[in-house]
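Single-structure report; data block below.
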Amino acid sequence: MPEDGTPDGGLGPEERLRALYTAHHGRVLGFARRRAADAESAQDAVAETFLVAWRRIDKVPREPEEALPWLYAVARNILANQSRGERRGGRLAARLGRTAPVTAAVPDHAGGVVEALHVREALAALSERDQETLRLIGWDGLDTAAAARVVGCSARAFAVRLHRARRRLERELTRREAPAERPLAATKGERA
């Protein structure tokens, strides 16, 4: 902590925003890329996130471990607004008969690893809430308390949500397991 006792050394608004941007831009961009329909939408969401941070700099937590979840929550809301706008635009265009309805983006499966594909497919079969819960912990690297702040619930409620989401993902992965990957004894028992 700096000499004056404040976490950020008494920085002015512009310096605070620069420090926030430097410290968290990459993680907020990764957060947005995993959730946005395309790279341009992710970039737009990040830009808007930091614009909101600038406009509400007095509301941004001064502690770094609290600022990142705050930025994630803002980005999450912006991405939700983008998605709603795209759906409305697609429905309007379809009604007007100008274009075909907008289709959902296909997740990037370029990793090429079969196991990763199975996990992604199983994750996609879960509810949006379960997906977000698992992503905040697994992909965004947040702890339970920080993830709870992002979604606006208590840490205890988020822990329960996480436990249930993990169980559902496990069940979905087991359900999707190919017969060739099952143990021989299980396969024989199924034929009987």
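Structure notes:
- Number of residues in segment 40-54 that are open to solvent by 30 Å² or more (accessible area, probe 1.4 Å) and among the small types (Gly, Ala, Ser): the value is 1.
- Residue within segment 127-147 that is closer than 23 Å to ALA42 by Cα, of a type in the set (Val, Ile, Thr), part of a helix (DSSP H, G or I) and at pLDDT below 90 present: yes
- Selection over segment 148-172 of residues that are in a helix (DSSP H, G or I) and either acidic (Asp, Glu) or open to solvent by 60 Å² or more (accessible area, probe 1.4 Å) (or both) gives a count of 11.
- Residue match in segment 17-39 (condition: open to solvent by less than 50 Å² (accessible area, probe 1.4 Å), more than 21 Å from TRP139 (Cα to Cα), out of contact with any His (no Cβ under 6 Å at 6 or more places or on another chain) and modelled with pLDDT of 90 or more): yes
- Within segment 55-65, one or more residues are within 22 Å of the chain's Cα centre (by Cα), surrounded by 13 or more Cβ atoms within 10 Å (Cβ to Cβ) and modelled with pLDDT of 80 or more.
The values are calculated or read from the model by the stated rules, or taken from the named source; none is laboratory data. This structure is a prediction, so every number in the text was calculated from the model and none was measured. Using ideal geometry, Cβ is built from the backbone for each residue, glycine included, and neighbour counts are taken over all protein chains shown. For accessibility, only protein heavy atoms count, side chains too; no ligands or nucleic acids. Shrake-Rupley method; radii C 1.70, N 1.55, O 1.52, S 1.80 Å.
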